[in-house]
Amino acid sequence: MSDNKNKLVSMEDIVSLCKRRGFIFQGSEIYGGLSGTYDYGPLGVQLKRNLIDLWWKMFVEEREDMYGLDAAILMNQKTWVASGHVDTFNDPLIEDIETKQRYRLDHLLEDNGVDSEGMTLEQMANTVKEKDIKSPSGNKLGNAAQFNLMFKTQIGPVDDESSTSYLRPETAQGIFVNFKNVVDTFYPDLPFGIGQVGKAFRNEISPRDFIFRLREMEQMEVEYFVQPSVWEDAFEDWRNTINNFYEVLGLPKSKIVEHEIGDEDRAHYSKRTIDFEYEFPFGRKELMGLAYRTDYDLSKHQEYSGKNLEYRRKDGGEAFVPHVIEPSMGVERLVLAVLHSAYTEDEVNGEKRVYLKLPANIAPVKVAVSPLLKNKPELVEKAREVYKMLKKEIGNVMWDDNGNIGKRYRRQDEIGTPYCVVIDFDTLEGEKEGTVTVRNRDTTEQKRVNIAELAEFTDQN
Ligand code: GAP
């Protein structure tokens with residue numbers, strides 16, 4: 001068996017596996033799709049859920065200083081004025097004057113070999129003119145403009161200015177507007193944080209790269225409130241937590257780069273941001289961000305709501321508006337990185353094999369159970385018994401009796417199932433009665449294991 005992990009994994013490899021095996025489908029596919037949306041199939045939703053659960057465990061549950069929250073997606077419109085999103089949550093766009101198709105200007109420059117980092121809208125537009133850059137259809141480009149990424153919507157039956165709101169473009173603001181609620185109900189000592197997982201929406205000008213740039217996505221965010229004097233310690237602490245998280249997920253260190261964002265390119269609220277970038281097949285791109293948001297958000301909400309959002313230590317001292325460290329992660333980008341890093345090809349008995357080398361704790365199916373032959377009722381009966389027992393003990397266990405055993409192994413390898421359990425004639429009688437074959441996904445080695453010890457074996461090996 002030779003492992004060929006050095007093969008360059010392409011987006012096509014991943015997209016095709018996702019569709020073939022029921023991980024991810026195009027959104028609204030039977031109607032021709034809806035750009036920037038994807039639907040998770042039975043295996044994708046389980047993988048995503050496992051990633052979110054692990055994040056929740058490491059970023060919220062296991063810590064003494066964290067609280068959870070699930071705020072509404074729709075928020076009072078003043079939230080988005082206060083946060084600065086109405087005025088500044090823009091991307092630069094430029095229009096093809098023939099087709100009227102709009103493009104993201106910085107992406108267009110990048111596609112033409114120009115690094116636009118730090119450039120103003122005017123500088124980008126001038127570069128287009130100087131270099132005579134055309135649209136991807138080969139046409140002349142028009143004027144550049146800023147485009148607000150928030151999806152506008154009306155709340156209630158009256159269609160006027162006062163009923164306008166937005167689908168949240170980040171989950172963070174739900175946390176800021178609940179800061180006072182958490183302080184007033186839990187009296188936490190500073191520093192403490194609030195974690196939230198939920199949908200966020202951005203009307204991206206050009207969604208692309210499969211689930212990398214979406215119009216509907218999910219974020220896992222922490223807003224960690226600190227005294228201003230210790231923000232750097234908290235920043236480093238979260239930086240370590242993020243790196244530990246990536247290690248547990250099996251993302252190779254060599255594929256992750258911490259990119260310090262320059263003054264000109266940081267979001268309006270940030271005094272320091274590190275983007276954790278991953279080497280995707282389409283280039284090194286932002287996987288997540290760690291930002292020092294200062295007291296920007298709480299101060300703005302205090303100003304716009306008229307509510308006091310200061311914090312006073314229990315031992316007295318002056319009240320002040322806490323500062324914030326924010327690790328913010330997009331679930332889909334994480335799913336993509338995890339699939340990419342797990343995708344492996346090797347050769348078994350002279351045949352090419354594709355398998356997902358997922359850590360067992362995030363694999364969508366932990367164990368597959370099969371009768372050796374599906375036309376032998378005694379094998380099927382015993383296999384069903386083992387399947388039911390394991391399902392009760394482990395949860396994500398799959399019944400698989402389709403095709404011959406070799407095909408089942410290949411199918412389970414492709415979806416990353418760490419163990420395949422096979423019930424054969426030896427299980428039923430003779431010296432090995434009460435034992436089953438357990439095949440390891442990565443080594444393809446098979447072992448006989450006692451049925452009573454299966455749950456423990458598959459959990460520990
Ligand atoms: N609260 C801070 C915030 O939202 P951001 O850098 O705009 O910061 C955080 O987004 C993370 O959300 C990104 O690092 C990325 O993982 C994810 N994300 C942002 N826009 C996305 C999009 N259009 N599609 C998929 N994920 C996206």
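The values are calculated or read from the model by the stated rules, or taken from the named source; none is laboratory data. Remember, predicted model here, so these are calculated numbers, not experimental data. For neighbour counting, all protein chains shown are included, and Cβ atoms are generated from backbone atoms with ideal geometry for every residue, glycine included. Ligands, DNA and RNA are stripped out before the accessible areas are found, and what is left, the full protein with its side chains, is counted by its heavy atoms. Shrake-Rupley method; radii C 1.70, N 1.55, O 1.52, S 1.80 Å.
Out of Glu12, Glu64, one residue alone is part of a helix (DSSP H, G or I) and more than 30 Å from Asn143 (Cβ to Cβ). It is Glu12.
The numbered conditions (1) assigned by TED's automatic domain parsing to the domain that holds Gly174; (2) under 28 Å from Thr153 (Cα atoms) are all true for Met58 except (2). Screening Gln227 against (1) in contact with a Lys or Arg (Cβ under 9 Å, 6 or more places away or on another chain); (2) open to solvent by 60 Å² or more (accessible area, probe 1.4 Å); (3) within 16 Å of the ligand (Cβ to nearest atom) leaves a single unmet condition, (3). Region 283-386 holds strands (runs of 3 or more DSSP E) entirely within its bounds, and those carrying 3 or more residues that are open to solvent by 10 Å² or more (accessible area, probe 1.4 Å) map to 283-294, 323-330, 343-348, 351-356.
Residues considered: Thr241, Thr273. Of these, the only one that is open to solvent by less than 40 Å² (accessible area, probe 1.4 Å), more than 14 Å from the ligand (Cβ to nearest atom) and hydroxyl-bearing (Ser, Thr, Tyr) is Thr241. Suppose the filter is over 19 Å from Leu149 (Cα atoms), aliphatic (A, V, I, L, M) and either assigned by TED's automatic domain parsing to the domain that holds Gly142 or touching a helix residue (DSSP H, G or I) at 6+ places or on another chain (Cβ under 8 Å) (or both); does Leu109 pass it? Yes. The residue pairs whose first member lies in region 331-344 and is at pLDDT 95 or above and aromatic (Phe, Trp, Tyr), whose second member is within 9 Å of the ligand (Cβ to nearest atom) and open to solvent by 10 Å² or more (accessible area, probe 1.4 Å), and whose beta carbons are closer than 9 Å, counting only pairs six or more residues apart or on different chains, do not exist in this structure. Please go through region 324-346 and give me each residue that is of a type outside the set (A, V, I, L, M) and more than 15 Å from the ligand (Cβ to nearest atom), ordered by number. Across region 324-346, the qualifying residues are Ser341, Tyr343, Thr344, Glu345, Asp346. If you go through region 406-431 and keep only what is of a type in the set (Phe, Trp, Tyr) and out of contact with any Cys (no Cβ under 9 Å at 6 or more places or on another chain), you end up with Tyr419, Phe425. Entry remark, region 123-146: residues being within 30 Å of Gln173 (Cβ to Cβ) and either open to solvent by 50 Å² or more (accessible area, probe 1.4 Å) or in a loop (DSSP other than H, G, I, E, B) (or both) number 1 in total. Only one entry of Leu287, Leu309 meets the criterion of being within 14 Å of the ligand (Cβ to nearest atom) and either within 19 Å of the chain's Cα centre (by Cα) or modelled with pLDDT of 95 or more (or both), and that entry is Leu287.
Within region 150-173, if we keep just the residues that are at pLDDT 90 or above and among the charged types (D, E, K, R), the residue that is nearest to the ligand (Cβ to nearest atom) turns out to be Glu170.
Pairs, please: C-beta under 7 Å, at least 6 apart or cross-chain, first residue part of a helix (DSSP H, G or I) and in region 27-48, second polar (S, T, N, Q)? That search, which allows pairs on different chains as well, returns Gln46/Asn396. When Phe179, Phe192, Phe186 are screened for being modelled with pLDDT of 95 or more, surrounded by fewer than 18 Cβ atoms within 10 Å (Cβ to Cβ) and assigned by TED's automatic domain parsing to the domain that holds Glu216, only Phe186 passes.
Taking first residues from region 78-102 that are within 22 Å of Arg208 (Cβ to Cβ) and among the hydrophobic types (A, V, I, L, M, F, W, C) and partners that are part of a strand (DSSP E or B) and open to solvent by 70 Å² or more (accessible area, probe 1.4 Å), the Cβ contacts under 9 Å between residues at least 6 apart in sequence or on separate chains come to Leu93/Arg102; Leu93/Gln146; Ile94/Arg102; Ile94/Asn143. Would it be correct to say that Ile97 is farther than 21 Å from Pro169 by Cα and either surrounded by fewer than 20 Cβ atoms within 10 Å (Cβ to Cβ) or at pLDDT 95 or above (or both)? Considered against the rule, which asks whether it is farther than 21 Å from Pro169 by Cα and either surrounded by fewer than 20 Cβ atoms within 10 Å (Cβ to Cβ) or at pLDDT 95 or above (or both), Ile97 comes out as yes.
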